[in-house]
Amino acid sequence: MSDPDVVRFFDTTLRDGEQAPGIALTKDEKVEIAEQLARLQVDILEAGFAISSDGEFDAVREIATSVKGPVIASLARVVPGDIERAAEALKGADRSRIHVFISTSQIHMEDMLRMSHRQVLDGIGEGVKLAAGYTDDVEFSAQDATRTELDFLLECFDVAVKAGATTINVPDTVGYATPAEFGELVRIVRDRTSEHVTISTHCHNDLGLAVANSLAGVEHGARQVEVAVNGIGERAGNCSLEEMAMILRTRREALGVGHGLNLKEIVRTSRLVSALTGYSVQPNKAVVGASAFAHESGIHQHGVLANRATYEIMDPVEIGLEGNQIVLGKHSGRHAFADALDKVGISIDDDHMHRAFARFKELADRKIQITDQDLAAIVSEEVGSGKEDLLVLESLASGGGTHLAPTATVRLRRGDEVIEESAMGDGMIDAACGAIQRAAGVEATLITFNVSSVTGGSDALGDVVVQLEIDGRRVTGRGVATDVVEASARAYLAAINRAASVAEPDSARAIETPAEAARNEVTP
Ligand code: KIV
Ligand code: ZN
């Protein structure tokens, strides 16, 4: 039985988080995030959905064997093939969990699974029993629980527990519930379920209620919350790990429960995940946003200087935020660079280190000081484009004006070959991206384009994240430069390189989502 005063953190950054559009992490990146999650001391780490591709299986297996501390979990539908594959991938783990799921709402069963109530119940019973033969830690999730008819949902949970499930998860898969409804549902499930079984929440953020709903679940007896770093996940994302952690920390007396996370690692984890996924954190995001501890108005500044607690309910030092330090300048060497990376929680292999350092030197020559946020952005650009960049940007020249059509000329290097192309566009960024596309020889459609500055001030680095569709797949790319046209060109090229480096069968985006998988395989 789990400790009634402790809420366990089940992190799904590498599974549900990775299902966010445009994210496709390599195995090494997943292992790096998993190691950081272990430092953060999450209780359960969902490493992936082992059946979904060979690459995903390898990543789950690598994490299971090398990452120590958390229980390592793999997702599986309630079908034998999935469960056997999950068990195989988890073999090397000190402690493993198989997380089986099936949809239980009428709409999912009828229109997606085309299964009857009886078939779903049988699938749950057989699937959980099979999983329990591999490990004594089995979680069952009733997908779309909040839109499932209550009596049927309770019957599903009953069957799962009888078959050996030790955790029962109540997903608000489509982010539909309100906190009052969700809290009440968790209360009913808690009351009806044996004490030895942990009740879990898994809330999506479609209406911005993922954290509020998870909290309502905790208030009504849930002792596991499924969360993702920076709240990433399908569509609008999942319950944010850092927000949930700091609610339980800051309001622990009111709530009467605690958790076992190492809060000092929160900021590092958030930055690492943002850097590797290319998903930037909005400045005003609670807890980890760049402005979360910034005080702008004179009255607030005055108050905070006199006593921090006048306007701050959390201590930034407690989550590992030591202020926006200026860390490096153009005279800094490789050691100082490596040290600074370590401080912001990033460890990269020699090849990436070499490239990131060269890029840092190039930027430091143009910008006097590089902050820790600049650093994370530089590394993310270098690491994000893949192990070996197929195409490297050698130079970019762009021009235009009030009466001149914007044009750009790029020079790319592919091994020993140099390719030069020019293009005109609606603006300088459009021209630069057009020239890159021509030089790379690919057809790409721009899906999203996001530009921000890494820090404040007119000397800030421009940070551009693009999402492209190439050969039917969505890929993201990130580019950082002192000039926004160059940052855009770099981001565009990074996405093209990423599309080339993430081979089709290994791409998490090329695989089915759990929902698609469930739809495509209906026999439990
Ligand atoms: O949102 C959801 O229902 C899921 C399940 C697989 C737990 O991600
Ligand atoms: Zn989900």
Notebook entry, point to check: For region 392-501, what D do you get in µm² per second when you plug the Kirkwood radius from alpha-carbon pairs into Stokes-Einstein at 20 °C and 1.002 mPa s?
Noted result: 154
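Counting other Cβ atoms within 10 Å, keep those with at most 11, restrict to DSSP loop, and tell me which GluC sites (Glu not before Pro) in region 248-335 are left. The partial results should precede the final answer.
On the way: sites: Glu253, Glu265, Glu296, Glu312, Glu318, Glu322; in loops: Glu296, Glu312, Glu322.
Counting only loop positions with at most 11 other Cβ atoms within 10 Å, the GluC sites (Glu not before Pro) in region 248-335 are Glu296, Glu322.
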Margin query: Principal axis extents for region 327-370, Cα atoms only, whole Å, descending order, please.
Written below: 26, 19, 13
Next item on the list: Provide the FRET efficiency to the nearest 0.05 for the Val451-Ser194 pair, computing r from the beta carbons and using R0 = 51 Å.
Entry: 0.45
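May I ask you to compute the full-extension gain from Ala460 to Val6, defined as 0.36 nm times their residue separation minus their alpha-carbon distance, rounded to one decimal in nm?
On the way: separation 454, 0.36 × 454 = 163.44 nm, distance 4.26 nm.
Here the answer is 159.2 nm.
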Note to self: Rolling a 1.4 angstrom probe over the protein chains, ignoring ligands and nucleic acids, what is the accessible area of His302 in square angstrom, nearest 10?
What the structure shows: 140
Next item on the list: Figure the gain on full extension for Asp365 and Lys330 (residue separation times 0.36 nm, minus the Cα-Cα span) and round it to one decimal in nm.
Entry: 12.0 nm
Notebook entry, point to check: Do you know the relative contact order of the chain, to the nearest whole percent, from alpha carbon pairs under 8 angstrom that are 6+ apart?
Noted result: 14
Next item on the list: Could you tell me which of the pairs Lys264/Lys343; Lys68/Lys91; Lys330/Lys361; Lys129/Lys162; Lys68/Lys129 are separated by over 18 angstrom between their Cα atoms in the structure shown?
Entry: Lys68/Lys129
Margin query: Strictly greater than 28 Å: what percent of every Cα pair in the chain meets that?
Written below: 56
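Could you compute the FRET efficiency for Leu404 and Glu443, with r as their C-beta to C-beta distance and R0 at 35 Å, rounded to 0.05?
Details: r = 28 Å, r/R0 = 0.80.
About 0.80, to the nearest 0.05.
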Checklist line | Separation in nanometres of the label points that stand 7 Å from Cα toward Cβ, at Asp54 and Thr482 | finding: 4.6
Notebook entry, point to check: Among Ser270, Ser280, what's the order by accessible area (1.4 angstrom probe), most exposed first?
Noted result: Ser280, Ser270
Checklist line | For region 273-279, Karplus couplings with θ = phi - 60° (6.51, -1.76, 1.60), whole Hz, Gly/Pro x | finding: 5, 4, 5, 7, 8, x, 8
Item checked: Rough spin-label spacing in nm, given labels placed 7 Å along Cα→Cβ, for Ala397 and Ala294 -> 3.7
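Past the 23 angstrom mark, what percentage of all C-alpha to C-alpha distances in region 8-277 do you count? Walk me through the numbers on the way to the answer.
Numbers: 17277 of 36315 pairs.
I get 48 percent for the Cα pairs in region 8-277 exceeding 23 Å.
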Next item on the list: Quote to one decimal, in nm, the extra length available between Lys162 and Met424 on full extension: 0.36 nm per residue of separation minus the C-alpha distance between them.
Entry: 87.7 nm
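What ranking do 419-427, 64-72, 486-494 get when scored by the average of other Cβ atoms within 10 Å per residue, highest first? Walk me through the numbers before you get to the answer.
Details: 419-427: 15.1, 64-72: 19.6, 486-494: 27.4.
With the highest mean Cβ count within 10 Å placed first, the list reads 486-494, 64-72, 419-427.
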Check: HN-Hα J couplings of region 478-486 from phi, Karplus 6.51/-1.76/1.60, θ = phi - 60°, integer Hz, Gly and Pro as x?
Finding: 10, x, 10, 6, 6, 10, 6, 5, 5
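Can you give the Rg to Rh ratio for region 1-77, taking only C-alpha atoms and Rh from Kirkwood?
On the way: Rg = 12.4 Å, Rh = 12.7 Å.
Rg/Rh: 0.98.
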Notebook entry, point to check: If you wrap region 407-447's Cα atoms in a convex hull and average its projection over all directions, what's the area in nm²?
Noted result: 2.9
Checklist line | Solvent-accessible area of Arg411 with every protein chain in place, 1.4 Å probe, in Å² to the nearest 10 | finding: 100
Next item on the list: Taking H placed 1.01 Å from N in the peptide plane, check which residues at least 5 places from Lys285 or on another chain put their amide H under 5 Å from its amide H.
Entry: Ala290, Ser291
Margin query: Given R₀ = 60 Å, what would the calculated FRET efficiency be for Asp136 paired with Asp339, taking r from the Cβ atoms and rounding to 0.05?
Written below: 0.85
Item checked: Percent of C-alpha pairs per 5 Å bin, region 164-234, short to long -> 4, 19, 31, 23, 14, 6, 2
Margin query: Once you place label points 7 Å from the Cα toward the Cβ at Glu155 and Arg95, how far apart are they in nm?
Written below: 3.5
Next item on the list: Please determine, in degrees from 0 to 90 and to the nearest 10, the orientation of helix 117-132 with respect to the longest principal axis defined by the Cα atoms of the chain, where the helix direction is its Cα long axis.
Entry: 80
Note to self: Quick check: the distance between the Cα centres of region 376-451 and region 124-171, to the nearest angstrom?
What the structure shows: 50
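The values are calculated or read from the model by the stated rules, or taken from the named source; none is laboratory data. Since the model is a prediction, treat every value here as computed from it, not as a measurement. So basically every Cβ, Gly included, is an ideal-geometry build from the backbone, and we count neighbours across all protein chains shown. Just the protein is used for accessible areas: all its heavy atoms, side chains included, with ligands, DNA and RNA removed. Shrake-Rupley method; radii C 1.70, N 1.55, O 1.52, S 1.80 Å.
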